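Asker: Below is the structure I would like to discuss, written out as structure tokens.
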Amino acid sequence: MIQIGTLTLNLDDPLHVAALIAASALLLIALMVLLALRAANRSARLAEPLTYQLGALGQRVEGLAQGQERLTGGLTHVSEAQAQAQTSMLQLMEQRLAQVQEQMNENLSGSARRTAQSLGDLQQRLVAIDKAQDNIQKLSGDVLSLQDILSNKQTRGAFGEIQLTDIVSKALPKDSYTLQATLSNGKRADCLIHLPNPPGPIVVDAKFPLEAYEALRRAETQEQMTRAAQQMRLSLRKHIRDIAERYILEGETADGALMFLPSEAVYAELHANFPEIVREGFAARVWIVSPTTCMATLNTMRAILKDARMRAQAGAIRKELAALFKDVDRLGTRVGNLDRHFAQASKDIEEIKISADKAGKRARRLDNFDFEELAPDAPEQKVLPLKSVD
């Protein structure tokens, strides 16, 4: 049982229940309509700014479309410009590549030529090196041969004699010396130089104390050096004594002789470390010379020989000078005669020129038929008959 105001509804009655349900449905529908109206009013109020925003959004969309069109045009322009720039760049790159390739070809060609030339020069140098190596090998063989020669006393003496002969033959005339000359005492000298008196003929003998010098060079201790120096002194003193006794002969040779050392090294060692031996040689009138000092000494001897020969030929020179003076006087006389002949010839030529001028003038007058202008240049002379000559 439900009491609504004055209306009482019985829930047990189906009519009442149906009526209640119908009333409730109507009330619900009315409520829903009311709510729908209110929602529609609210939606209308809310839709008004939305519509405005939609209009603004449409304008913006239209502006965006126009911007897109402009952007599309700009992009097209940029694309065309980019394509043109890319084409220009490709052309420039092709030109640059062509230039670089040409330059590289030229550089490669030049490098190839230079390389070929360098290889040619290198080959020539290798050939020169091979030749030098051959020469070195040959020289090594010669040095070994020279060592073999110098290791023997006889061959070493022959070596010194050959070197002395070469120096003497270059410095002196052939008729001023004698090689392997035999003296009155039966001793044979390597070279006898025929100097005038004084000092007279002087002997040059070659000596080579190689063993003592090599021992001195090989010495490593003070004892070995002392022993080698003593051996050097003994060898040199023996050579000086032998030369003084064998080759200084009174009345036959000069009052002195020369000892030839065929080695500058031995000569330098002698003067540097053995000055007492040099002084002993001076005292014994034996002067020690090397190849260099021997050449200088021989040049001095050559001047002495030349002066002696000039003095010997002084009479002949004076005779030749007198004949030369006569020839000069005769030449002066003949030159004077020739000068007079030239003067006479010059005078004759002047007279011939005068006669030729006169003959030319007469010929021109005759050619122009100017007979009346002809005047005698000289009085007429009678032509005399020729007389016969018996």
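Asker: Taking Asp148 as the residue in question, decide whether it is among the acidic types (Asp, Glu) and at pLDDT below 75.
Answerer: When the stated conditions are applied, Asp148 passes them.
Asker: Could you please tell me which pairs satisfy a Cβ distance under 9 Å, a separation of 6+ or placement on different chains, a first residue in region 291-313 that is more than 24 Å from Glu264 (Cβ to Cβ) and outside the structural domain of Pro198 (by TED's automatic domain parsing), and a second residue that is in a helix (DSSP H, G or I) and among the charged types (D, E, K, R)?
Answerer: none
Asker: Please find, within region 171-211, the residue that is nearest to the chain's Cα centre (by Cα) out of those that are in contact (Cβ under 8 Å) with a residue 24 or more places away in the chain and part of a helix (DSSP H, G or I).
Answerer: Only one residue fits best here, namely Ala171.
Asker: Can you find a residue in region 260-268 that is in contact (Cβ under 8 Å) with a residue 40 or more places away in the chain, surrounded by fewer than 18 Cβ atoms within 10 Å (Cβ to Cβ) and in the same structural domain as Lys174 (by TED's automatic domain parsing)?
Answerer: So far as region 260-268 goes, yes, one or more of its residues are in contact (Cβ under 8 Å) with a residue 40 or more places away in the chain, surrounded by fewer than 18 Cβ atoms within 10 Å (Cβ to Cβ) and in the same structural domain as Lys174 (by TED's automatic domain parsing).
Asker: To continue, here is another question. If a residue must be of a type outside the set (Ser, Thr, Tyr), more than 13 Å from Val289 (Cβ to Cβ), part of a helix (DSSP H, G or I) and more than 50 Å from the chain's Cα centre (by Cα), how many such residues does region 241-275 contain?
Answerer: 5
Asker: Then there is this: Quick check: is even one residue across region 284-302 in contact with a helix residue (DSSP H, G or I) (Cβ under 7 Å, 6 or more places away or on another chain), crowded, with 17+ Cβ neighbours inside 10 Å and over 26 Å from Asp166 (Cα atoms)?
Answerer: yes
The values are calculated or read from the model by the stated rules, or taken from the named source; none is laboratory data. In this text, all values refer to a predicted model and were calculated from it rather than measured experimentally. Using ideal geometry, Cβ is built from the backbone for each residue, glycine included, and neighbour counts are taken over all protein chains shown.
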